[in-house]
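Structure record follows, encoded as structure tokens.
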Amino acid sequence: MFTGIIQEIGSIKKIDVKKNLLVFSIDLGPLAKEVQLGDSVSVSGVCLTVASKKARGANFDLMKETIEKTSLRSLSVGSKVNLELALQAGSRLGGHFVTGHVDEVVVIKQMAHEKNWVSLRLGISKANRKYFVPKGSVTIDGVSLTVGKLGKDYFEVYLIPYTLKVTTLGLRKTGDHVNIETDILAKYLFEK
């Protein structure tokens, strides 16, 4: 379980391709000293397990399901990723409850850059649309955000300078694919 509050931007140092598996070697920066083997880490919104550890980083195994259902499949050596360690009991919950289980990969349809903020318009499928409400929570590439506007097949979020600086969302552009996770509470309310 995570909160969607990004702790570090990491970078992919190496990708090993194996049958039905990718192994990402990720530089975790200062978070490296906190992770242990078997820990869950949110990597751009995807819950991955530390399979092995190195001085400044860790290796993560991405199985076929993860490769097919997330935007991690499009990353390469040098790509930047959002990182968050798993929530600890007694910690502050600064964002919202995030599982790290991606619901959909969506496209950034539009970006509007204004003084001190950026608006992102993202497409959404009909199947996941029911989990969105204005002012509700959504996770984009692991970042907890508030739904600012909701349309029939899209939603918008608004990013402050701090979010643009400390997450990979500041590097995104129109046409990019991102992972989204809808609000888990909405799933329990609206799933039939």
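The values are calculated or read from the model by the stated rules, or taken from the named source; none is laboratory data. Note that the structure is predicted; figures quoted are calculated from it, not measured. Backbone-built Cβ (ideal geometry, glycine too); neighbour counts: all protein chains shown.
Please go through segment 119-137 and pick out each residue that is crowded, with 18+ Cβ neighbours inside 10 Å and within 15 Å of Leu189 (Cβ to Cβ). Asn128, Tyr131, Phe132, Ser137, listed by residue number.
When restricted to residues that are assigned to a loop (DSSP other than H, G, I, E, B) and closer than 19 Å to Glu8 by Cα, segment 18-36 contains 4.
In segment 72-89, how many residues are of a type outside the set (S, T, N, Q) and either in contact with a Gly (Cβ under 9 Å, 6 or more places away or on another chain) or within 16 Å of Thr49 (Cβ to Cβ) (or both)? Before you say what the answer is, go through the steps one by one.
Residues of segment 72-89 of a type outside the set (S, T, N, Q): 72-73, 75, 77-78, 80-81, 83-87, 89.
Filter once more, keeping what is either in contact with a Gly (Cβ under 9 Å, 6 or more places away or on another chain) or within 16 Å of Thr49 (Cβ to Cβ) (or both): 72, 80-81, 83-87.
Within segment 72-89, residues that are of a type outside the set (S, T, N, Q) and either in contact with a Gly (Cβ under 9 Å, 6 or more places away or on another chain) or within 16 Å of Thr49 (Cβ to Cβ) (or both) number 8.
The set of residues from segment 122-152 being over 18 Å from the mean Cα position of the chain (by Cα), hydrophobic (A, V, I, L, M, F, W, C) and not in a strand (DSSP E or B) comprises Ala127, Val133.
For Asn116, state whether it is exposed (fewer than 11 other Cβ atoms within 10 Å of the Cβ), in contact (Cβ under 8 Å) with a residue 40 or more places away in the chain and polar (S, T, N, Q). When the stated conditions are applied, Asn116 passes them. Count, please, the residues in segment 83-113 that happen to be under 18 Å from the mean Cα position of the chain (by Cα), among the small types (Gly, Ala, Ser) and exposed (fewer than 15 other Cβ atoms within 10 Å of the Cβ). So the answer is 1. Can you say whether Ser79 is closer than 26 Å to Val41 by Cα and surrounded by 14 or more Cβ atoms within 10 Å (Cβ to Cβ), as far as the supplied structure shows? For Ser79, the condition - closer than 26 Å to Val41 by Cα and surrounded by 14 or more Cβ atoms within 10 Å (Cβ to Cβ) - is met. For segment 11-49, a residue qualifies if it is crowded, with 21+ Cβ neighbours inside 10 Å and either of a type in the set (A, V, I, L, M) or in the same structural domain as Val143 (by TED's automatic domain parsing) (or both), and the qualifying residues are Ile26, Leu28, Val41, Val43, Val46, Leu48. Of all positions in segment 67-75, at least one carries a residue that is in contact (Cβ under 8 Å) with a residue 60 or more places away in the chain and part of a loop (DSSP other than H, G, I, E, B).
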